[in-house]
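Here the structure comes first, spelled out in structure tokens, and everything after it is commentary.
The values are calculated or read from the model by the stated rules, or taken from the named source; none is laboratory data. These numbers were taken from a predicted model, which means no experiment stands behind them. Using ideal geometry, Cβ is built from the backbone for each residue, glycine included, and neighbour counts are taken over all protein chains shown. Heads up: the accessible areas ignore ligands, DNA and RNA and are worked out on the full protein's heavy atoms, side chains in. Shrake-Rupley method; radii C 1.70, N 1.55, O 1.52, S 1.80 Å.
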Amino acid sequence: MVQVKQVEDENMCSKYTADEYLKTQKSCIKGIRLPLYQFGKHSPLNDISFKMLKMPSCDPLEEQTLLESLLLAKWEERLSEGLFRYDVTLSEIKVIVGRRKFLAQLNESWTDTSLLQYEEKRKCDHGILFQTNWLKCHEELLCCISSGENTESKLISAALVPSSSILVLINATPVEYGHVFLLPCGVNGPLQFLDDRSLEMLLRIAVEMNNFSLCLFYEFSTPRTACLYFQALFFSSLLPVEAMTADTFFSDSLGGIYVSTITGYPVKALIFETSCNLKKMGQPQVSDKSSILSPWECWGYFLFKSRSEFDQATENALLGRLAAASLDDAEFQGVKQFCCDVASKVAF
């Protein structure tokens, strides 16, 4: 599920050009030494199946993958250092009474923040550009992930940030355990546009984490934003949307690609699956309109900042909130047709 969040300001304009912005961010990255996780040269995306993913477990002794243990160890380290605004692991969570079992979290300290910290901006002829200052806070950087030339994936305790990599940073206002930002970077610093290489690396992160609790989503602020980024977080149990049934409307057994709709859920959504090659999942990309919902709300996980709203939350109210932000039938049919056209091309 892709969440799109759009931010515009008609009255302000940036003093930075795109080239000046990238030079600033590149200089901030230069010289930083971080734990570096390097993928092995053989990509499992060519032949892996989703069936290998482990289901959520309450067993604290269950073995973690190397990448998962690195990320969570660094995240917990920053938690102990007080870099978060609150300890999200202490938040109260309940199941909303009803058929869909929506989840609600009470968190009076939570704020809806993004990676972009706007220092100054103004509208220019070429669009809205942003300057960010997050790279100045090096203590928020957890690690770096990149491709490697070794047969197996490996961890380097400290290394300079490679030119093509993904930076992992904490989200200081986490929604759940292990909530981080994933920032794709190229030769000139953070990427401004999503490309096949960075999307493939994100898919590989999910595979090498090998944990069904992990959720990844893509977010951007404007089509001309200064950088793009993903977010990742862990849920201790299946989310309501994951318990719904699916209706497959595109199937290519030879190419191993399947596209389905989620039935009986207020948000119209698609599921992309593959039985043999995850790389192909990076190709059927669909643009979405801006939404007033967060990704976790689309999944059936809601945050409340006041005790009264938390106590009074009902399934009917949440159903209405989800339905109001979803595509209408005609729009969704157009998305489905587009997905069929693209999937049929990449299946061969």
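The helices (runs of 4 or more DSSP H) located wholly in segment 292-348 that include 3 or more residues which are of a type in the set (Gly, Ala, Ser) occupy 315-325, 329-346. Taking the criterion of being of a type in the set (Gly, Ala, Ser), surrounded by 12 or more Cβ atoms within 10 Å (Cβ to Cβ) and within 16 Å of LYS94 (Cβ to Cβ), the residues of segment 307-339 that qualify are ALA313, ALA317. Inclusion of ILE166 among residues that are within 14 Å of SER198 (Cα to Cα), at pLDDT below 95 and crowded, with 21+ Cβ neighbours inside 10 Å is warranted. A residue that is among the β-branched types (Val, Ile, Thr), at pLDDT 80 or above, assigned to a loop (DSSP other than H, G, I, E, B) and open to solvent by less than 20 Å² (accessible area, probe 1.4 Å) can be found somewhere in segment 170-177.
Of all residue pairs spaced 6 or more apart or on separate chains, those with beta-carbon atoms under 6 Å, a first member in segment 85-112 that is more than 16 Å from GLU297 (Cα to Cα) and a second member that is in a loop (DSSP other than H, G, I, E, B) and open to solvent by 80 Å² or more (accessible area, probe 1.4 Å) are GLU108/LYS305; SER109/ARG85.
Screening segment 249-264 for residues that are farther than 19 Å from CYS298 by Cα and small (Gly, Ala, Ser) and picking the one that is modelled with the highest pLDDT gives SER251. Residue pairs whose Cβ atoms lie under 9 Å apart, separated by 6 or more positions or on different chains, with the first residue in segment 304-318 and farther than 15 Å from LYS101 by Cα and among the hydrophobic types (A, V, I, L, M, F, W, C) and the second in a helix (DSSP H, G or I) and open to solvent by 30 Å² or more (accessible area, probe 1.4 Å), are PHE304/ASP311. Of all the residues in segment 290-303, those that are open to solvent by 30 Å² or more (accessible area, probe 1.4 Å), more than 20 Å from PHE230 (Cβ to Cβ) and in contact (Cβ under 8 Å) with a residue 60 or more places away in the chain number 0. Pull up segment 233-262, narrow it to residues that are out of contact with any Gly (no Cβ under 7 Å at 6 or more places or on another chain) and within 17 Å of GLY178 (Cβ to Cβ), then point me to the one that is least open to solvent (accessible area, probe 1.4 Å). Filtering first and then ranking leaves PHE235. Please determine whether any residue of segment 69-92 is surrounded by 13 or more Cβ atoms within 10 Å (Cβ to Cβ), modelled with pLDDT under 50, over 19 Å from the mean Cα position of the chain (by Cα) and aliphatic (A, V, I, L, M). Within segment 69-92 (the criterion being surrounded by 13 or more Cβ atoms within 10 Å (Cβ to Cβ), modelled with pLDDT under 50, over 19 Å from the mean Cα position of the chain (by Cα) and aliphatic (A, V, I, L, M)), the answer is no, since none of the residues qualifies.
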